[in-house]
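In what follows, a single structure is set out as structure tokens and then discussed.
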Amino acid sequence: MHILSENQIALVGGTESMSQAPSVARSVRWGLGLGAACVGGRARHRCDCGAIVTEGTRGLLFLLVLLSCSLVPSLSAQWSLATREPVDVWLHGYALVHDDSSAVPLYRRGYRADVAAAKGAASVVTDLDVNVDKLRATMRAVPSLMGGQFLALEFVTWGDMRSAIQLWLDTEGDPRRLRTPDDLHRAGKVAAYFPDARSRDWLRLFVLGLDDEYRKYFRATWATEQAARAATLGAAERIWRDSLYPSLRTFLGNSQLGGGTIVPSFVLGGEGRTVTPSRSTSVITTGLPASDTAAWGIAYVFVHEAASTVAAAAVRDHTTPAQQRSGEAEVYSAVALVRGGALLLEKAMPDKVEDYMRFYLTAAGTPVAGEVRAAFAATFALPAPMLAGIKAQIDIVWGGI
């Protein structure tokens, strides 16, 4: 569990009866009946199974319990908010090669055009630009490559992510070439998204282009954007601390979203991404608006992502196997996420619901005019039983059932 990074600290303890420690028990190596050895020392207590637990052992176990209690706060469910360069680099590359036609775009609306204009003004052409048509064609032919966008949420630094990718590519698909458990773990993250020869070939071409993109354009752009949006991050932290987390704490704790990292990315808009590297932590990436007055957008995308489990359950319960095979259920899922976030806010922060609705109407490119709730319901239409199912799921999670 520690090697797999699922736990930062592991507390291991136990008792055994062969040595009957801390007393001396001679001839134990050749076998004695439980409790039959001649022992001296502290008083002992016999367990139901016949094993002997000494007062010293009990004291040690009590000390371990106290130690574990003192460690728990450092591992307690907490959320942090921070940008990560690999997330922005990776999603930037995906935004340039992926033809996005979602109602709520997977990337910030107009992002690709903005990048093309900036690179054109600076007369920058990269290997990613040169190979973009080939990369797009392969992605259209192999839709599963889209899942690779989540890989960046598994890493904290671009250097670590890039080396893990190279580890997997160098194996040519044979994990036996990896020499250490750490290499196996890191390369395994990449292999989960790019398992076969065709996906590895795409990945190889993509990262070579992204390396050149990073050197010639993105590294400087990223630094500029971080400085420009620092005030937005500060405002988002205050929103989280003072408003959002206190209102959602019960729901998050009951839905196994008790802790993790929120990673705002200026590449994204209304669609977030979520991964769970371990059972106790999640990584959720959101958009990163340019103005601190729009910092609630980070909160709204977080709520949208937090509703994913209940929305998915409702869609699954209210679609047929045929709808799931045809892809109709997937269309419902995207809409259910948006509606699920609104329903969650109705329960947690009803005063922010209409602002959330305006945010997603804007993200969808729908003019906000007239009654916002009616426009929201029309733009993100769902069957009534599915909506009722989402609400019921939220109530169940909120109640801790």
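With a cap of 11 neighbouring Cβ atoms within 10 Å, and only residues DSSP puts in a loop, list the trypsin sites (Lys or Arg not before Pro) found in segment 113-168.
none
Going through segment 345-398, which GluC sites (Glu not before Pro) have at most 13 other Cβ atoms within 10 Å and a DSSP loop state?
Glu371
Can you bin segment 120-250 into rounded, prolate or oblate? Criterion: square roots of the alpha carbon gyration tensor eigenvalues sorted a ≥ b ≥ c, rounded for a/c under 1.5, prolate for a/b above b/c, oblate for the rest.
oblate
Tell me, in nm to one decimal, what length is gained between Asp317 and Ala369 on full extension, where the rule is 0.36 nm per residue of separation less the Cα-Cα distance?
The Asp317-Ala369 span can extend by a further 15.3 nm.
Cross-link partners among lysines for Lys216, C-alpha distance below 25 Å, same-chain residues fewer than 8 apart left out?
Within the straight-line cut-off, Lys216 pairs with Lys119, Lys134.
Out of the total accessible area of segment 181-336 (probe 1.4 Å, heavy atoms of protein only), what percent is carbon and sulfur? Write down the numbers at each step before the final one.
On the way: 3490 of 6570 Å².
Ligands and nucleic acids excluded, carbon and sulfur give 53 percent.
List the residues whose amide H sits under 5 Å from the amide H of Ser265, counting only those 5 or more places along or on another chain, with H placed 1.01 Å from N in the peptide plane.
HN-HN under 5 Å from Ser265: Thr286, Gly287, Leu288.
Would you mind getting me the FRET efficiency between Asp127 and Arg249? Use the beta-carbon distance for r and R0 = 56 Å, nearest 0.05.
Numbers: r = 46 Å, r/R0 = 0.83.
In this case the efficiency is close to 0.75.
Using mean Cβ contacts within 10 Å as the protection proxy, how do 379-389, 309-319, 83-93 order, highest first?
Ranking the peptides 379-389, 309-319, 83-93 by packing returns 83-93, 309-319, 379-389.
Answer rounded, prolate or oblate for segment 330-399, using the Cα gyration tensor with square roots of eigenvalues a ≥ b ≥ c: rounded when a/c is under 1.5, else prolate when a/b is larger than b/c, else oblate. Spell out each step's value before the answer.
Values: a/c = 2.15, a/b = 1.37, b/c = 1.57.
The shape class here is oblate.
The values are calculated or read from the model by the stated rules, or taken from the named source; none is laboratory data. As the structure is a prediction and not an experimental result, all values here were calculated from the model. In this analysis, Cβ positions are derived from the backbone assuming ideal geometry, glycine residues included, and neighbour counts consider all displayed protein chains. Note: accessible area is taken over every heavy atom of the protein model, side chains too, but ligands, DNA and RNA are not part of it. Shrake-Rupley method; radii C 1.70, N 1.55, O 1.52, S 1.80 Å.
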